[in-house]
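The values are calculated or read from the model by the stated rules, or taken from the named source; none is laboratory data. The model shown is predicted, which means the values in this text are computed figures rather than measured ones. As a convention, Cβ positions derive from the backbone with ideal geometry for all residues, glycine included, and neighbour counts pool all protein chains shown.
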Amino acid sequence: MFRWGVLSTAKIGREQVLPAIAEAANGVLAAVASRDVAKARALADRFGAPHAFGSYEELLASDTVDGVYIPLPTSQHVEWTAKAIEAGKHVLVEKPLALKAKDILPLIALRDEKVKAGRKLLVSEAFMVTYHPQWIRLRELVADGAIGRLRYVQGAFSYFNVDPTNMRNKLDLGGGALPDIGVYPTVATRFVTGKEPVRVQATIEWDKAFGTDIYSSVRADFGDFELSFYLSTQMAARQTIVFHGEAGFIEVASPFNAGLYDDHRITLHNQNHSEAQVWRFPGTQQYRLEVEAFARAAQGGKDHVFTLEESVLNQKVIDAIFRAGEKDGWEGV
């Protein structure tokens, strides 16, 4: 069994990833760390973890864990990922891993140094959608020509949150719409097509009180097809994405939080909209699939997990969108 440690008692860990670890067939929660040891102990007890630590450093120094899950605020991801690598731990870190693509490069160097020293470590950004069978099936359909030549991808992701205490509304913690949810339409499109955008255009709106980006309208040129999406942290909740080709199109009902916004379902429509095929994936736990695949890969299995090199490519798109928002016209990726 892969022995997990978690740095912090953050909400996404409590509600999504720790339950997934508890249900996983090949892993167990061994330790929880928090700057408040009472909180660590309470969460450890809730999930049956034998160890609780009052600092992140204590957990990283412990031989009771094989790897760590890091759901800290975005601004702390790079720092603690680096410390975990240096401590010889495998690392699954919440997205976004970094706020700039260049900040990921030292992590790649640290990982590679460990490999040269004989310690192969797995370090991965937690894009749970890439493990969901609805996205794997969609990728297969596009590759097999089910919609003919892909011409256009259109998406949306929004929710309403004006809580000033929430980290998504705190600029110093890495808050904002693009870091939090803009990464999803980009990673999904790149995952399905295996292609990278060459340039982007963007309109970005900023919250005057929070200082964070709260709305973006983005256009990305992939050469032979185009991606456009909008996202917001201050609009009614919505998720959707469609892959539109010459021979048909595929809609994903709830692309990023399947089961919350809508069903685990993709629908393939033919060219004249006279027929539709539906694939359903009821009860899929994408976080469980993520932690199980990570544990297998960390223990030498052949599962593909999201690599640091892929993280650089995805973050380069977000970096370019921010730059494009400051100008009128295209910005190269």
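Might you check whether a residue that is part of a strand (DSSP E or B) and not aromatic (Phe, Trp, Tyr) occurs anywhere in the stretch 315-325? No, there is no match, as no residue in the stretch 315-325 is part of a strand (DSSP E or B) and not aromatic (Phe, Trp, Tyr). Within the stretch 217-228, residues that are farther than 9 Å from THR193 by Cβ and free of Cβ contacts under 8 Å to residues at least 40 places away in the same chain have Cβ atoms under 6 Å from residues that are among the polar types (S, T, N, Q) and surrounded by 15 or more Cβ atoms within 10 Å (Cβ to Cβ) in these pairs: ARG219/GLN201; ARG219/SER228, counting only partners at least 6 apart in sequence or on another chain. In the stretch 187-206, how many are surrounded by fewer than 19 Cβ atoms within 10 Å (Cβ to Cβ) and assigned to a loop (DSSP other than H, G, I, E, B)? Within the stretch 187-206, residues that are surrounded by fewer than 19 Cβ atoms within 10 Å (Cβ to Cβ) and assigned to a loop (DSSP other than H, G, I, E, B) number 4. Considering the conditions (1) at pLDDT 95 or above; (2) outside any helix (DSSP H, G or I); (3) more than 20 Å from ARG238 (Cα to Cα), ASP163 is excluded by exactly one of them, (3). Of all residues in the stretch 40-69, those that are more than 17 Å from TRP80 (Cα to Cα) and within 26 Å of the chain's Cα centre (by Cα) total 6. Remark: pairs (first residue in the stretch 94-106, within 14 Å of GLY182 (Cβ to Cβ); second residue in a loop (DSSP other than H, G, I, E, B); Cβ separation under 8 Å; 6+ apart in sequence or on different chains) = LYS95/ALA126; LYS95/PHE127; PRO96/GLY174; LEU99/GLY174.
Counting only residues that are surrounded by fewer than 16 Cβ atoms within 10 Å (Cβ to Cβ), give me the helices (runs of 4 or more DSSP H) lying completely in the stretch 1-79 with at least 2 of them.
Per the criteria, 37-46, 56-61.
Close Cβ contacts (under 7 Å, 6 or more residues apart or on different chains) running from residues in the stretch 117-133 that are over 14 Å from ILE85 (Cα atoms) to residues that are modelled with pLDDT under 95 and not basic (Lys, Arg) comprise HIS132/ALA258. Restricted to the stretch 95-140, and to residues there that are among the basic types (Lys, Arg) and in a helix (DSSP H, G or I), the residue that is surrounded by the fewest Cβ atoms within 10 Å (Cβ to Cβ) is LYS116. Among all residues of the stretch 129-143, there is at least one that is polar (S, T, N, Q) and either closer than 30 Å to PRO282 by Cα or modelled with pLDDT under 95 (or both). Does any residue of the stretch 260-272 turn out to be in a loop (DSSP other than H, G, I, E, B) and touching a helix residue (DSSP H, G or I) at 6+ places or on another chain (Cβ under 9 Å)? Taking every residue of the stretch 260-272 in turn, at least one turns out to be in a loop (DSSP other than H, G, I, E, B) and touching a helix residue (DSSP H, G or I) at 6+ places or on another chain (Cβ under 9 Å).
Take the conditions (1) within 16 Å of THR186 (Cα to Cα); (2) modelled with pLDDT under 95; LYS100 misses just one of them, which is (2). When GLU310 is tested against the conditions (1) surrounded by 17 or more Cβ atoms within 10 Å (Cβ to Cβ); (2) more than 22 Å from THR212 (Cα to Cα); (3) assigned by TED's automatic domain parsing to the domain that holds ASP207; (4) out of contact with any strand residue (DSSP E or B) (no Cβ under 7 Å at 6 or more places or on another chain), the lone failure is (3).
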